[in-house]
Amino acid sequence: MTRYEPVIGLEVHVELQTASKIFCHSSTAFGGDPNNHVCPVCLGLPGTLPVLNRNVVEAAIMVGLSLNCSVARFCKFDRKHYFYPDLPKNYQISQYDLPIAYDGYLDVEDEDGQPVRIGITRVHMEEDAGKLLHQGTIATTPYSLVDYNRTGVPLLEIVSEPDMRSPQEARAYLDKLKTIIQYTGVSDCRMEEGSLRCDANVSVRVRGSDTFGTKTEIKNMNSFRALQKAVQYEIERQIECLETGERIVQETRTWDETRGVTLSMRSKEEAHDYRYFPEPDLVPIVISPLWIEEITQQLPELPDARCCRYMDAYKLPAYDAGVLTSSKELGNYFEECVSLYPQPKTVSNWLMGELLRLLNDTNSEIGEARVRPAQLAGMLALIDKGTISGKLAKEVFEEMFRTGKDAQAVVKEKGLEQISDEASINAVIEQVIADHPGPVSDYRAGKERALGFMVGQVMKLTRGKANPGLVNRLLKDRLG
């Protein structure tokens, strides 16, 4: 790995959240019985003609602007020919030489935290193909079924420059790209449902060389983890080929998650293999400056801008701001909570600590959390009033997360209200002093650590409900 340098580029396909498909009225809803969301147009039946969905064009312009691209004033659709069972017309309507957006970039951080700018070659519109259902893996299946529900669903293909130099950079780029697209609202980017799909082009070269090696394309990566693992495996495989004198073949490979390897699928096609030519049934698209300006005005606050605002307005550290803005929903949750409980750093600590931990443990999304911002703000107010301690609050929060109940109700049901009555605490302190004469003598001899032991004993006898600050003060007073 020290002798060789990986060269990685990603082709990301994003399904748009439009009500109907790109060239017909059929539904884009996920799921449903196979071959149920179809019509003569998306099935490619003779005599049918496509009609372009205007919302797809506007979504493409918005994504292009969000990725710092130039938006074309004139673009067109093309036919991309290939013969595969999931493509009923035997061609795909896509864009070739005149895409809707081009020459953009994304800024990410590498594994050392250093800034890296990844160029974006193009963003173009196209229709999706159907879905092949294999019995087992594509290499071992005895037969495959095809579902055309997805055929004609609008896609954006976002093609990066080969600017990534490690699997970690590729993952960081895809993560940032997904976040930006979710902020725009044009797609939910759910990889598990296929609305975000990624192919990786990977090659290696001797470090310091300016000549690219032979690349392979990896498909069938359905998670960020799979992307990173597949790219890492392919880099190591290609290096081994070079070291042993084996020729690397330009081909398309599939990622086998079970075995943790890439496998050859077919030789890689070139552009001329697809026999591109302009789509004769669709007129070119002319995009006026006024139209671009209208969509620019609709752009939401994007993650980088929101992150800077959090550091400026809320005085949050860069790390906190980065975590909170990594999800639009998490950022919204934070802002709503802060509007009710105006202590941003405290709210940030609870979201990044307890809330994200419980979401991760239950494999849940922020939108599924039963604890709403107002409930979290209410619990934090109970801590400030001394009703519960910070330690007990974690127990209360877990119950709130599990049941959706308010903090006050959980505290009452479980009898977790903090003890702040001096007489009650002094009674427990007297018992601790009587039971532990050794630590008492140690403290009076100047050993401060002995006080911590006795505080712990008081908290143990009160089942964690005594006010810790009050326990400390009363113990010190009692011991002189």
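Every read-out reported here was derived from the displayed coordinates using simple, explicitly stated rules and does not represent laboratory data. All of these numbers come straight from a predicted model, not from anything done at the bench. Neighbour counts run over all protein chains shown; Cβ positions are idealised from the backbone, glycine included.
Structural remarks
- Nitroxide proxy distance, nm - points 7 Å out along Cα→Cβ at ARG247 and ARG117: 3.9 nm
- Net charge dipole size for the stretch 422-479 [Lys, Arg +1 and Asp, Glu -1 on Cβ; Debye, nearest 20]: 160 debye
- Note on the stretch 301-414: with charges restricted to the Cβ of Lys and Arg (+1) and Asp and Glu (-1), its dipole about the Cα centre is near 340 debye.
- Stokes-Einstein, applied to the Kirkwood radius of the stretch 422-479 over Cα pairs at a viscosity of 0.692 mPa s and 37 °C, places its translational diffusion at 297 µm² s⁻¹.
- Residue order, fewest to most surrounding Cβ atoms within 10 angstrom, among PHE74, PHE401: PHE74, PHE401
- Of GLY446, GLY469, GLN431, farthest towards positive along the dipole that unit charges on Lys, Arg, Asp, Glu beta carbons give the stretch 422-479: GLY469
- Compared with the dominant Cα axis of the chain, that is its longest principal axis, helix 468-479 is turned about 30°.
- Packing here is the average count of other Cβ atoms within 10 Å per residue, and on that basis the peptides 297-308, 145-156, highest first, run 145-156, 297-308.
- The relative contact order of the stretch 22-110 comes to 26 percent, based on Cα pairs under 8 Å that sit 6 or more residues apart.
- Percent breakdown of C-alpha pair distances by 10 Å bin, ordered from the shortest bin, for the stretch 130-283: 9, 32, 36, 19, 3, 0
- Nearest-ten-degree value, helix 373-385 long axis tilted from longest Cα axis of the chain: 20 degrees
- Sorted by Cβ neighbour density within 10 Å, fewest at the top, the residues LEU470, LEU340: LEU340, LEU470
- Computed over the chain, the Cα gyration tensor eigenvalues convert (square root of 5λ each) into semi-axes of 56, 27, 22 Å, ordered from largest to smallest.
- Long-range Cα-Cα pairs in the stretch 385-473 (distance over 23 Å), rounded percent: 32 percent
- Order of GLU58, GLU243 under a 10 Å beta carbon neighbour criterion, fewest first: GLU243, GLU58
- Gained length - PHE74 relative to LEU49, 0.36 nm times residue gap less alpha-carbon distance: 6.8 nm
- Spatially proximal lysines relative to LYS76 (Cα-Cα < 25 Å; intrachain offsets below 8 disregarded): LYS21, LYS89
- Using alpha-carbon coordinates, inclination of helix 328-340 to the longest axis of the chain, degrees: 30 degrees
- Taken about its Cα centre, the chain carries a charge dipole of about 1080 debye when Lys and Arg each add +1 at the Cβ and Asp and Glu each add -1 at the Cβ.
- Among THR254, SER166, SER203 the positive-end extreme of the charge dipole of the chain (Cβ point charges): SER166
- Mean separation of Cα contacts under 8 Å (6+ apart) over length of the chain, as relative contact order %: 14 percent
- Sequence-distant lysines (8 or more away, or on other chains) whose Cα lies within less than 24 Å of LYS414: LYS385, LYS391, LYS394, LYS405, LYS460, LYS465
- Value of relative contact order over the stretch 348-480, rounded to a whole percent, pairs C-alpha under 8 Å and six or more apart: 22 percent
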